[in-house]
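As structure tokens, the structure follows; a few thoughts come after it.
Bear in mind these aren't lab numbers, they're just calculated from the coordinates by the rules spelled out. Only a predicted model underlies this, so the values are computations on that prediction, with no experimental measurement involved. As a convention, Cβ positions derive from the backbone with ideal geometry for all residues, glycine included, and neighbour counts pool all protein chains shown.
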Amino acid sequence: MGGKRNRRQITAPAPAPTIDANAANASSGYFFAGGMGLIGILIVWYFELPFNFDVTDREFNPLIFVPAVFILIGFYSLLKAVRDTWRVRKFGATTLVAGPAMAGRRFEGSLRSSRDLAPDGDYTVQLRCIRTYRVGGPIVTSGSQRSTYKEELRWQEAVIVPCASVRSSTGVPFAFQIPPDALASKGPPIYERVHGNVRWILTITAPMPGLNYYAAFVIDMHGAGRSE
């Protein structure tokens, strides 16, 4: 008995509304800053290092630069965490409401702020694909052998939305035509030293008095649909 085989397009389910990462970034930033500062202090205490940065002094110990680096990294992370906290308090949370993201399809949705914003300029919504790749060293890290990793921008597109045409609390609309050969998301949504990891990041920015408006989201990009 002959017959035609039914075919249907596999589609990804629509994701649930997502809150921007500013609050989460602030929390992790405070934790990381505290850890770096604590490590720096413990190194000074354990090795009994004097706070002497005069390289011409006979009592100078170059190991003092090791905890100094940890403390500087912690201070930089603290500043970023404070900035993210300020953004949360100034702009509130931003929610992403969008359909599924799939290669070869149109990805569209809106970004809604929890309070009305009055930017000095237009909104910029940008979508980027970032791939991590290994450029040298062994594949497996062991002992003193280390691999070198870099990030490659594989795809990027931006949409400008006039601020006078939208109300941010109602939603800033966006739409991107994803190329058919777009890479699917792979690995964690944050940077990791693993060859082949792929991250899709959606951001919205707008100039504001003092601190500019900024919100970021991780997009779960699916490969091109297949027939079955």
Let a ≥ b ≥ c be the square roots of the eigenvalues of the Cα gyration tensor of the stretch 35-77; is it rounded (a/c under 1.5), or, if not, prolate (a/b larger than b/c) or oblate? oblate
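Counting each DSSP H run of 4 or more residues in the chain as -39500 (n - 2.57), what helix-only mean residue ellipticity at 222 nm follows after dividing by all residues, to the nearest 500 deg cm²/dmol? Could the numbers behind the result be given before it?
Numbers: 2 runs with 53 residues, N = 228.
It comes out at -8500 deg cm²/dmol, rounded to the nearest 500.
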Exposed trypsin sites (Lys or Arg not before Pro) absent: longest stretch of the chain, with sites in DSSP loops and at most 15 other Cβ within 10 Å deemed exposed: 59-114
Between Ser28 and Lys186, what is 0.36 nm times their sequence separation minus the Cα-Cα distance? Round to one decimal in nm. 54.7 nm
Size of the stretch 16-91 along its principal axes in angstrom, Cα-based, largest extent first? 61, 20, 15
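Gain in length, Arg128 to Val69, computed as 0.36 nm per residue apart minus the alpha-carbon separation, to one decimal in nm? Mind showing how you got there, number by number?
On the way: separation 59, 0.36 × 59 = 21.24 nm, distance 3.15 nm.
This chain segment gains 18.1 nm when fully extended.
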Quick calc: nm separation of the 7 Å Cα→Cβ label points for Tyr46 and Glu152 -> 3.9 nm
To the nearest 0.05, what FRET efficiency results for Val218 and Ala164 with a Förster distance of 41 Å applied to their C-beta separation? 0.85
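Given R₀ = 41 Å, what would the calculated FRET efficiency be for Asp57 paired with Arg89, taking r from the Cβ atoms and rounding to 0.05?
Details: r = 45 Å, r/R0 = 1.11.
Efficiency for this residue pair is about 0.35.
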Calculate the dipole size of the chain relative to its Cα centre from +1 charges on Lys and Arg beta carbons and -1 charges on Asp and Glu beta carbons; express the result in debye to the nearest 20. 1180 debye
Pairwise over distinct Cα atoms, reciprocal of the mean inverse distance: report the Kirkwood radius of the chain in Å, one decimal place. 21.1 Å
Length added when fully stretched, Glu108-Leu211, from 0.36 nm per residue minus Cα-Cα: 34.4 nm
